[in-house]
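Right, one structure below, let's go through it.
The values are calculated or read from the model by the stated rules, or taken from the named source; none is laboratory data. All values derive from a computational prediction rather than experimental measurement. Backbone-built Cβ (ideal geometry, glycine too); neighbour counts: all protein chains shown. Note: areas computed on protein heavy atoms with side chains; ligands, DNA, RNA excluded. Shrake-Rupley method; radii C 1.70, N 1.55, O 1.52, S 1.80 Å.
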Amino acid sequence: MAWATPLGDSLDGVWQRLLDAETGLVAIPHKVRLKNSLGAPCAWPPADQPADSRMLDLGVATVRRALDDARLPGLGAAELVIGTSLGAFLEGEPQSAPLHRYADLIAAALGAQRQPIALSTACSSGSDAILVAAELLRAGAAERVVCGGVDVLTTTKRLAHSSLGTMSTTTLRAFDVRHDGTLLGEGAGFIVLETLDAAAARARTPLALLRGVGSANDAAGMTTPDAAGLGARLAIERSLADAGITPDDVGVFNAHGSATPLNDATEAAALRAVFGADAGTPIVFATKGNFGHSLGATGAIEAIATLLALRRGQVPPVYGLERVDPALRLPVAMGAPIAICARYGLSLTLGFGGFDTSLVFEVAP
Amino acid sequence: MTFTLVGRGDAQACKRADFDAVARIGGGDRTLAEAALAAIRYADPASFTTATAVARALAARRETVLAVRDRVGVIAISADGPVEAMAAMTQAGREGTSSPIRFPASNAGALAGVISIGFTLRGPTLLLTLPPERGVPVGLLLARAFLSRGVAEFVFIATCAAAGGVPASRCLLLGRPGDGDPLAELDVAWLASDPGAAATSSARP
């Protein structure tokens, strides 16, 4: 697995910066009127490069590192499943190219033998790429899939969130009583999923097991989540059923945590419905205060953060969290990392259009 | 598990009024439908065209399908997306402005989201940003997975093409064994072909 984030691109280095509660949010010069100049850019590719070119470079480089991490020489016959919110398509000149062009170019740059699968489910894109990959493996349509998401910061998307009222005027503080909105970031995350037989055939021990996937739609509004959190609850419950485990088995929960009051309330309601109020587990954490909200990439990046939490036995503190919203009735990492001994971790994403996606991972024995 | 074909529909160049008219035929839970439609303040013609094709595919088994709304999946397939809203967002961005109404409509995933919101469907939902010939095989694989595990009892697979400025959509409503006729290769070929070509129901035998 590999990621590219505003805090760097090494797994160990970025993980330590998460434990240290660092943020990649910085003031970004802009010529348009925004409610907040903060955003979280990656150090590479250069900011003056066109958005579509930056997205390709981020995607290609991150997939390549994911393959290296999995000790694979290249994509070969593996499937490639990529999600994005298509921010780069909305920047600059209006585009007439098909929406899968970026995925085709990434696949071509990596010498893929198969045409890639491209999808877009707003902020659930990265998670849904992993969900689709799981179904390809389960159906026997592939034995190895590289899957994840990529998105870049664009002026158009920042303007959109500013005008929509979802952009914070202060900073991104998920589940804090002062939460007032999100701030955008960028990045990429890709993981190599393969069947146990395929891993065994090349004598590889898996980093973790993807045990269950689940998705649902809020069916509430184009940008407004269902206040009762029904869609999110259904997604979580479907992933737990798919994994064959109960809520009590989940030790760590990587929340979407976008820090808009509506999203945080929806997520808190779903968590109460699934895990009960005042349960001792799972430990909740969220990384958007560190990385910014990387939209179509965030689900894949957060899946990697969940895997690292399971493998390292630590949950990083939620950036900016000082006073927990009383609606969140589960323990949350605040101020300092929390040590855990968890077998299962769950990552949830929520996207405009009502998309809710939940992934259950098990730490490798 | 074998599929069954529960319904089929297509549409071309629809706007909200077209969708409203088709979606409300048969009624039954008018209040819910109107509340859901009110949640969609604005959508791209491609989204309304796709939703209209879905409404037509739903028509014959509307009550049965909507009785299990939480287990109805939506898989939209389009390499073009909501072209008009995306172009408007791009243009606005270049001018340093943004519309909070057009922005949600420019989300490519809205092609699927409008369907789920319009009919209050809470099954698995996603948009494959692929042309029909590439996306339909993947959509069928996903639909089979959702149906066989019981995550969904019905799944809509809808394609949409809008590159020429005239959105056109085709939709199949799939069910589990016993819910309809066996899915035929002819139906799959119809769905995987360009929805803009002779976009009328009579084009499919």
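Tell me which DSSP H helices of chain B clear both cut-offs, 18 Å or more of axial length from alpha-carbon atoms and a mean Kyte-Doolittle hydropathy of at least 0.5. Write out the running numbers ahead of the final one.
Values: long enough: B:45-58 (19 Å, 0.77); B:132-148 (23 Å, 0.75).
Correct list, ordered by number: B:45-58, B:132-148.
Segment A:154-218 to segment B:84-135: how many Å between their Cα centroids?
The distance from the Cα centre of segment A:154-218 to that of segment B:84-135 comes to 19 Å.
Can you send over the solvent-accessible area of A:Tyr344, 1.4 Å probe, protein chains only, in Å² to the nearest 10?
20
For segment A:209-362, what is the charge dipole size about the Cα centre, in debye to the nearest 20, if Lys and Arg each add +1 at the Cβ and Asp and Glu each add -1 at the Cβ? Mind dumping the intermediate values first?
Working: 10 positive and 14 negative charges, 66 e Å.
The calculated dipole for segment A:209-362 is roughly 320 debye.
Say the dipole of chain A comes from +1 at the beta carbon of Lys and Arg and -1 at that of Asp and Glu; which of A:Val192, A:Ala118, A:Gly231 then lies farthest toward its positive end?
Farthest towards the positive end: A:Val192.
Quick one: of A:Lys35/A:Lys157; A:Lys35/B:Lys15; A:Lys31/A:Lys157, which pairs are farther than 24 Å apart, Cα to Cα?
Numbers: A:Lys35/A:Lys157 13 Å; A:Lys35/B:Lys15 33 Å; A:Lys31/A:Lys157 14 Å.
Table pairs above 24 Å Cα-Cα are A:Lys35/B:Lys15.
Taking accessible area as the heavy-atom solvent-accessible surface of the protein chains with a 1.4 Å probe, which residues of segment B:134-169 lose no less than 50 Å² upon going from the isolated chain to the full protein assembly?
Relative to the lone chain, where solvent access is computed with a 1.4 Å probe, segment B:134-169 loses at least 50 Å² at B:Arg134, B:Leu141, B:Arg149.
How much accessible surface area, in Å² rounded to 10, belongs to the heavy atoms of A:Ser162 with a 1.4 Å probe?
10
What stretch of chain A, leaving out the sites themselves, is the longest with no trypsin sites (Lys or Arg not before Pro) in a DSSP loop having at most 12 other Cβ atoms within 10 Å? Intermediate results must be reported in sequence, preceding the final value.
On the way: sites that count: A:Lys31, A:Arg33, A:Arg71, A:Arg202, A:Arg323.
Formally, the longest exposed-site-free interval is A:72-201.
On full extension of the chain, what length is gained from A:Ala241 through A:Arg71, given 0.36 nm per residue of separation minus the C-alpha to C-alpha distance?
Details: separation 170, 0.36 × 170 = 61.20 nm, distance 3.20 nm.
Length gained, A:Ala241 through A:Arg71: 58.0 nm.
Run the dipole for chain A about the Cα centre, Lys and Arg Cβ at +1, Asp and Glu Cβ at -1, nothing else charged, and hand back the magnitude in debye, nearest 20. Don't skip to the end; give the middle numbers.
Values: 28 positive and 36 negative charges, 58 e Å.
With only Lys, Arg, Asp and Glu charged at Cβ, the dipole is about 280 debye.
Hey, if you put +1 on the Cβ of every Lys and Arg and -1 on every Asp and Glu Cβ in segment A:209-362, which of A:Ala255, A:Ala305, A:Gly289 ends up farthest toward the positive end of that dipole?
A:Ala305
Order A:Ile301, B:Ile101, most accessible first, counting only protein heavy atoms with a 1.4 angstrom probe.
Working: A:Ile301 5, B:Ile101 65 Å².
Solvent-accessible surface, decreasing: B:Ile101, A:Ile301.
Going from most exposed to least, what order do A:Asp12, A:Asp104, A:Asp197, B:Asp187 have by accessible area with a 1.4 Å probe? Provide the component values of the computation, followed by the final result.
Numbers: A:Asp12 100, A:Asp104 45, A:Asp197 125, B:Asp187 5 Å².
In descending accessible area the options line up as A:Asp197, A:Asp12, A:Asp104, B:Asp187.
Under 8 Å for C-alpha pairs, at least 6 residues apart: give me the relative contact order for segment A:46-149, rounded to a whole percent.
Values: 141 pairs, mean separation 37.2, N = 104.
Here the relative contact order equals 36 percent.
Over its Cα atoms, what ratio of radius of gyration to 2.2 N^0.38 Å does the protein assembly as shown give? Each step should come with its number before you reach the end.
Working: Rg = 21.6 Å, N = 570, 2.2 N^0.38 = 24.5 Å.
Here the answer is 0.88, to two decimals.
Toward the positive end of the charge dipole of the protein assembly as shown, about the Cα centre and with charges on Cβ (Lys, Arg +1; Asp, Glu -1), which of A:Pro29, A:Ala241, A:Met167 goes farthest?
A:Met167
In debye, nearest 20, what is the charge dipole magnitude of chain B about its Cα centre with +1 on Lys and Arg Cβ and -1 on Asp and Glu Cβ, if you could check?
Details: 20 positive and 18 negative charges, 68 e Å.
Dipole about the Cα centre, nearest 20: 320 debye.
Using a 1.4 angstrom probe with every protein chain in place, what is the largest-first accessible-area order of A:Ser258, A:Ser10?
Working: A:Ser258 0, A:Ser10 55 Å².
Largest accessible area first, the residues go A:Ser10, A:Ser258.
If r is the Cβ-Cβ distance from A:Thr205 to B:Glu63 and R0 is 45 Å, what FRET efficiency results, to the nearest 0.05?
Numbers: r = 52 Å, r/R0 = 1.15.
That pair, A:Thr205 with B:Glu63, gives E of 0.30.
Please report the antiparallel percentage of DSSP beta bridges with both residues in the protein assembly as shown, rounded to the nearest 5. Could you put the intermediate results ahead of the total?
Values: 53 of 83 bridges.
Rounded to the nearest five, the antiparallel share is 65 percent.
Can you give the alpha-carbon Rg of chain B over 2.2 N^0.38 Å, where N counts its residues? Mind showing how you got there, number by number?
On the way: Rg = 15.9 Å, N = 205, 2.2 N^0.38 = 16.6 Å.
In units of the 2.2 N^0.38 Å rule of thumb, it is 0.96.
Using helices alone, what [θ] at 222 nm do you get for the protein assembly as shown, with -39,500 (n - 2.57) per DSSP H run of 4 or more residues, divided over all residues and rounded to the nearest 500?
Working: 19 runs with 203 residues, N = 570.
Using -39500 (n - 2.57) per qualifying helix, the result is -10500 deg cm²/dmol.
Count the DSSP beta bridges whose two residues both fall in segment A:127-253, then state the antiparallel fraction as a percent rounded to the nearest 5. Each step should come with its number before you reach the end.
On the way: 8 of 9 bridges.
Of all bridge pairs located within segment A:127-253, approximately 90 percent are antiparallel.
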